[in-house]
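Q: Below is the structure I would like to discuss, written out as structure tokens.
Nothing in this text is a laboratory measurement; each read-out follows from the coordinates by a stated rule. Source: prediction; values computed, not measured. Reconstructed Cβ throughout: ideal geometry from the backbone, glycine too, with neighbour counts over all protein chains shown.
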Amino acid sequence: MSEAATCRRCSRPVVREAENFETFERMHWSCFHYEFEHQAAGSPDDDPDIACRDPACPARAFDREAQPDWFADE
Ligand SMILES: [Zn+2]
Ligand SMILES: [Zn+2]
């Protein structure tokens, strides 16, 4: 293991995805998602509490009006 990784978006340690630290631009997976993928994947206004169309979007855990994910039939 290398030195403890620190997320450049939230400045907290990256533990679980440390081996993918470089892949996620030196961020947590969730920080990477919100920084780069979330709005592009369809969340209006980039609100992190509104689920985007990424089936792995963390907001799906509590957004009861989440739109269908991008694997769903239109
Ligand atoms: Zn982070
Ligand atoms: Zn999202």
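Q: Within segment 12-70, report the trypsin sites (Lys or Arg not before Pro) that DSSP leaves as loop and that have at most 15 other Cβ atoms within 10 Å.
A: The qualifying sites are R16, R26, R64.
Q: Could you please report the charge total around A66, scoring K, R as +1 and D, E as -1 over all other residues with beta-carbon less than 11 angstrom from its beta-carbon?
A: Net of charged neighbours comes to -2.
Q: What FRET efficiency comes out for the pair S11/A72, r = Cβ-Cβ distance, R0 = 35 Å, nearest 0.05?
A: After rounding to 0.05, the efficiency reads 0.45.
Q: While we're looking at this one, here's another question. Taking amide H positions as placed in the peptide plane 1.01 Å from N, state which residues far from V14 in sequence (5 or more) or on other chains have amide H under 5 Å from it.
A: Long-range HN contacts for V14: A5, T6, C7.
Q: Right, something else. Using helices alone, what [θ] at 222 nm do you get for the chain, with -39,500 (n - 2.57) per DSSP H run of 4 or more residues, divided over all residues and rounded to the nearest 500?
A: Here the helix-only value at 222 nm equals -1000 deg cm²/dmol.
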